[in-house]
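A.B. asks: What follows is a structure written as structure tokens; I'll ask about it next.
The values are calculated or read from the model by the stated rules, or taken from the named source; none is laboratory data. If you're wondering where the values come from, they're calculated on a predicted model, not measured in any experiment. Please note: Cβ atoms are built from the backbone with ideal geometry, for glycine as well, and neighbour counts cover all protein chains shown.
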Amino acid sequence: MGKATVSGFERTGTLNRPPNVLMTALTKLKAQHILGVMKFTDHMAELHKKFPRTRANFKHLGINRDNLFEAEYSHINPTVENCEACDHSCLVQRNDRHMDEPRVHYGTIASGNQVIKHALIRDRLGSEHKALCFEMEAAGLMNNFPCIVVRGISDYSDSHKNKEWQPFAALTAAAYTKELLSFVIPSQVADTRKASQILTSSQSTMG
């Protein structure tokens, strides 16, 4: 949490910590992933098998469509989302990934009310606040609704930002969440306050 000032973003706090029942499940899931047991990719494959039409709309687009440009290089044509006209000599040279499977990252997600489409601002905020990515939904939710935020990263928060990877990113986040929920112990959920109770209590306090 923070505020925009003349000198830039000033941090004033953070959102509430996720509930213990979800943090416990997350710890168990991370342990399984360390051992190489990852079921969320199986969930993705099962969806494509059960609903074949999703293969076209929610597929991995290939590493040749995963382009990261140098932070100082801006998108050429603002009216066109694709980067066919951009100078590909300005791409950041990275080692090829050997598999198309999504990679899971754990850490800080920066949530605000503005879209980040500027690579230099992205890098500065990422460095200052150790943010892995940026999103716009959780900021108005997390303090009143006990949850953990799972996001599928679909772009690089720069001027080249487009929506072509969003379907695959959404599928990845949904599949990961499904696996995470499989580690939640029902008895612990029963002992946890319901979101509706917390929201009602919060509204009563505000009133």
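A.B. asks: So which of LYS30, LYS49 is basic (Lys, Arg), more than 27 Å from ILE185 (Cα to Cα) and either under 18 Å from the mean Cα position of the chain (by Cα) or not in a loop (DSSP other than H, G, I, E, B) (or both)?
C.D. replies: Just a single option satisfies the conditions, and that option is LYS49.
A.B. asks: Assuming ASN16 fulfils every condition listed in (1) surrounded by fewer than 15 Cβ atoms within 10 Å (Cβ to Cβ); (2) part of a helix (DSSP H, G or I) apart from one, which condition is it?
C.D. replies: (2)
A.B. asks: While we're looking at this one, here's another question. Could you list, in sequence order, the residues of segment 181-195 that are modelled with pLDDT of 85 or more and of a type in the set (S, T, N, Q)?
C.D. replies: Selection gives SER182 alone.
A.B. asks: Among residues belonging to segment 88-118 that are out of contact with any strand residue (DSSP E or B) (no Cβ under 9 Å at 6 or more places or on another chain) and among the hydrophobic types (A, V, I, L, M, F, W, C), point out the one that is modelled with the lowest pLDDT.
C.D. replies: MET99
A.B. asks: State all residues of segment 67-88 that are among the hydrophobic types (A, V, I, L, M, F, W, C) and either loosely packed, with under 11 Cβ neighbours inside 10 Å or assigned to a loop (DSSP other than H, G, I, E, B) (or both); if no residue qualifies, say none.
C.D. replies: The answer is LEU68, ALA71, ILE76, VAL80, CYS83, ALA85, CYS86.
A.B. asks: Could you list all residues from segment 151-180 that are over 28 Å from PRO78 (Cβ atoms) and either in contact with a His (Cβ under 6 Å, 6 or more places away or on another chain) or modelled with pLDDT under 95 (or both)?
C.D. replies: The answer is ALA175, LYS178.
A.B. asks: Pairs under 9 Å by beta carbon, first residue free of Cβ contacts under 8 Å to residues at least 40 places away in the same chain and under 17 Å from THR54 (Cα atoms) in segment 157-170, partner aliphatic (A, V, I, L, M) and in a loop (DSSP other than H, G, I, E, B), six or more apart or different chains?
C.D. replies: ALA169/ILE153
A.B. asks: Here's a follow-up. How many residues, within segment 118-158, are among the small types (Gly, Ala, Ser), surrounded by fewer than 17 Cβ atoms within 10 Å (Cβ to Cβ) and not in a helix (DSSP H, G or I)?
C.D. replies: 2
A.B. asks: I'm checking my understanding of the structure. Among residues of segment 40-61 that are surrounded by 11 or more Cβ atoms within 10 Å (Cβ to Cβ) and polar (S, T, N, Q), which one is modelled with the highest pLDDT?
C.D. replies: THR41
A.B. asks: Considering only segment 89-113, state which residues are free of Cβ contacts under 8 Å to residues at least 24 places away in the same chain and surrounded by fewer than 10 Cβ atoms within 10 Å (Cβ to Cβ).
C.D. replies: Scanning segment 89-113 gives SER89, GLN93, ASN95, HIS98, MET99, ARG103.
A.B. asks: On to the next question. Filter segment 71-87 for residues that are more than 13 Å from LYS161 (Cα to Cα) and at pLDDT 95 or above; which is nearest to the chain's Cα centre (by Cα)?
C.D. replies: GLU72
A.B. asks: Related question: Could you list, in sequence order, the residues of segment 89-112 that are within 24 Å of ASP42 (Cβ to Cβ) and either of a type outside the set (Asp, Glu) or assigned to a helix (DSSP H, G or I) (or both)?
C.D. replies: ARG97, HIS98, MET99, PRO102, ARG103, VAL104, HIS105, TYR106, listed by residue number.
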